[in-house]
Amino acid sequence: MFYALATVCLLFVVGAVGLIDAGLVRRKNLMDTWIQKLVASMLAAIGITIVGYAIWIWQYYSAFGVPDPLKTALDDWTPFGPALTEYSQNLDPAHYIEADVFQVFVAFFMAYVAVGGALLHSAGLERVKAVPMYVIAFVFGALVCPFVLYLTWGSVGPLSNKGAHDYIGQFALYIVVGVWALILAWRAGPRIGAFDKDPRTVGPVPHNVGWTAVGVAILMFAAPFAFLGCGFFVPDVGYFGISLSNSGFGIVVINVFAAYVGGVLAGALISYRTRNPIFVLIGIPAGYISTGTALDIGRPWEILVLAFIGMFVVYGTYQLLYKLKIDDKKIVPLALGGGSFGALAGGIVGSGDKTGGFFGITEGKYAFQHAEISIGMQALALVVTIAIAGISGLILIVGLEKTIGLRVSEEDELRGLDEAYWGTPPPPYVDEILLESDVAPTSGSHRAGRRAPETVS
């Protein structure tokens, strides 16, 4: 029930990301934004079910001494294998250790990579075609995210068993998504009018920031429950993070709320300074992403300070992307900027803490808590993750660009993807605004702004 609740809350996160983007796009792209996001999420989920989960299990089969661990994991934990077709009570407990928990974890991982699919879609809003977006989401869920999970998320993976610490999936989810989002936004190019004025449109204008705020509110509710699923609850013993570092339910929950506080306070300072309310809202995910590897091991005051600093790292990344004219205002700043800072945060607050190995193993390289957390191992895991994500992302995304193409036509982008894909006519109202400073002044006019059509003849 504990892991089932965490899984459901991850699905709430998918919905929250959808609401956030629904408020930030123009009305003419609203329906297609929801459809692409949901399909991309589900394709990522089916990808990890087909092969990705077995890749993650590989680390445990290696630690338990299972012969030919990768092949056996693929035989057991793919859709037609016994572990996914038989009730847990009918499986041999000597081979399928805690089968009921690991079966529920399949659904947890489906929801987990669904979040990644939703975030990747956010990087190509209003301009990336559906088919390449779906291919990107599937490959992410089936291969790249699971392989980085195998390396860094767990307690006996090649890096986590040597002291690389993670908690909420910082490396496999946020950093991989951040790198791929950067490549996708770069190769797809900015939306028309995003940086340079175009006579046909005023460019991207959020049509309902209130929806974005509702999405953030749902995120605030769902995140603590989802994160608590990133660990082991052992009756009569206690709670351990996924890397098997000592932790506790209470401290994790307090830390999540401390991350909210730090991120929002820093976001408020930036918002009032720039007169842009989005940074207050971004402060929620910025807070917990900037402390993602430390939420299970840090003290609340440490988490608050790191989250506060992390929001400024996110803002700095945002400013850099703007100067480079890369059209992504949230995913790369949060997932790559804040995510990289958060990857190192675990080494700062958890230096010397015991980690790695598995319960009941008392000697050898998989002995329980035989390793120590260090800033060096966190940095190594960060570099390895960025390298894997960068190479795979360039091959996949540039390959799609050169074959089927990434971007919709200018005509479809200007008239809106709802009409282009679904035949839905544009709304009877206009959802872009030209400010007075954007148009030639009219004699005697004192209006602060006026409604403008999508295209100007």
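For the reader, a short list of remarks on this structure follows.
- Residues within the range 165-197 that are farther than 24 Å from ALA381 by Cβ and not hydrophobic (A, V, I, L, M, F, W, C), tallied: 7
- If you go through the range 409-425 and keep only what is touching a residue at least 40 places away in the same chain (Cβ under 8 Å) and surrounded by fewer than 16 Cβ atoms within 10 Å (Cβ to Cβ), you end up with GLU410, TRP422, THR424.
- Which numbered condition GLY178 misses (of (1) part of a helix (DSSP H, G or I); (2) under 30 Å from GLU410 (Cβ atoms); (3) out of contact with any Pro (no Cβ under 9 Å at 6 or more places or on another chain)): (3)
- Some residue of the range 265-281 being in a helix (DSSP H, G or I), open to solvent by 10 Å² or more (accessible area, probe 1.4 Å), within 30 Å of ASP100 (Cβ to Cβ) and modelled with pLDDT under 95: no
- The residue that is nearest to GLY215 (Cα to Cα), among those in the range 288-331 that are among the charged types (D, E, K, R) and assigned to a loop (DSSP other than H, G, I, E, B), is LYS330.
- Residues within the range 1-59 that are surrounded by fewer than 24 Cβ atoms within 10 Å (Cβ to Cβ), farther than 24 Å from ILE168 by Cβ and polar (S, T, N, Q), tallied: 1
- Residues in the range 364-408 that are open to solvent by 20 Å² or more (accessible area, probe 1.4 Å), hydrophobic (A, V, I, L, M, F, W, C) and assigned to a loop (DSSP other than H, G, I, E, B): PHE368, ILE404.
- Condition check for GLY117: more than 13 Å from the chain's Cα centre (by Cα), in a helix (DSSP H, G or I) and in contact (Cβ under 8 Å) with a residue 40 or more places away in the chain: no
- Candidates LEU320, LEU334, filtered to the one that is farther than 30 Å from PHE240 by Cβ and either open to solvent by 10 Å² or more (accessible area, probe 1.4 Å) or over 20 Å from the mean Cα position of the chain (by Cα) (or both): LEU320
Results for (1) within 17 Å of LEU173 (Cβ to Cβ); (2) more than 19 Å from the chain's Cα centre (by Cα); (3) among the basic types (Lys, Arg), shown as yes or no for each residue.
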| position | (1), (2), (3) |
| --- | --- |
| GLY262 | no, yes, no |
| GLY267 | no, yes, no |
| SER271 | no, yes, no |
| PRO277 | no, yes, no |
| LEU281 | no, no, no |
| GLY287 | yes, no, no |
| GLY292 | yes, no, no |
| ASP296 | yes, no, no |
| GLU302 | no, yes, no |
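- For the range 343-363, filtering for residues that are under 21 Å from PHE233 (Cα atoms) and either in a strand (DSSP E or B) or without any contact (Cβ under 8 Å) to a residue 24 or more places away in the chain (or both) leaves 4.
- Under the condition of being within 14 Å of ARG127 (Cα to Cα) and not in a helix (DSSP H, G or I), the residues counted in the range 409-424 number 2.
- Of the residues VAL253, VAL313, the single one that is out of contact with any Ser or Thr (no Cβ under 9 Å at 6 or more places or on another chain), open to solvent by 40 Å² or more (accessible area, probe 1.4 Å) and either without any contact (Cβ under 8 Å) to a residue 40 or more places away in the chain or within 29 Å of MET110 (Cβ to Cβ) (or both) is VAL253.
- Residue count for the range 60-87 satisfying the condition of being surrounded by 21 or more Cβ atoms within 10 Å (Cβ to Cβ) and under 20 Å from ALA111 (Cα atoms): 2.
- Filter pass, THR403 being in contact (Cβ under 8 Å) with a residue 40 or more places away in the chain and not aliphatic (A, V, I, L, M): no
- Considering GLY229, GLY169, GLY178, the condition of being at positive phi and either among the β-branched types (Val, Ile, Thr) or open to solvent by less than 40 Å² (accessible area, probe 1.4 Å) (or both) is satisfied by GLY169 alone.
- Residue check for ILE303: aliphatic (A, V, I, L, M) and open to solvent by 10 Å² or more (accessible area, probe 1.4 Å): no
- For the range 150-159, the count of residues that are closer than 30 Å to ALA379 by Cα, touching a strand residue (DSSP E or B) at 6+ places or on another chain (Cβ under 7 Å) and part of a helix (DSSP H, G or I) is zero.
The values are calculated or read from the model by the stated rules, or taken from the named source; none is laboratory data. This one's a predicted model, so the numbers in the text were calculated from it and none came from an experiment. Cβ: placed from backbone, ideal geometry, glycine included. Neighbour counts: every protein chain shown. Ligands, DNA and RNA are stripped out before the accessible areas are found, and what is left, the full protein with its side chains, is counted by its heavy atoms. Shrake-Rupley method; radii C 1.70, N 1.55, O 1.52, S 1.80 Å.
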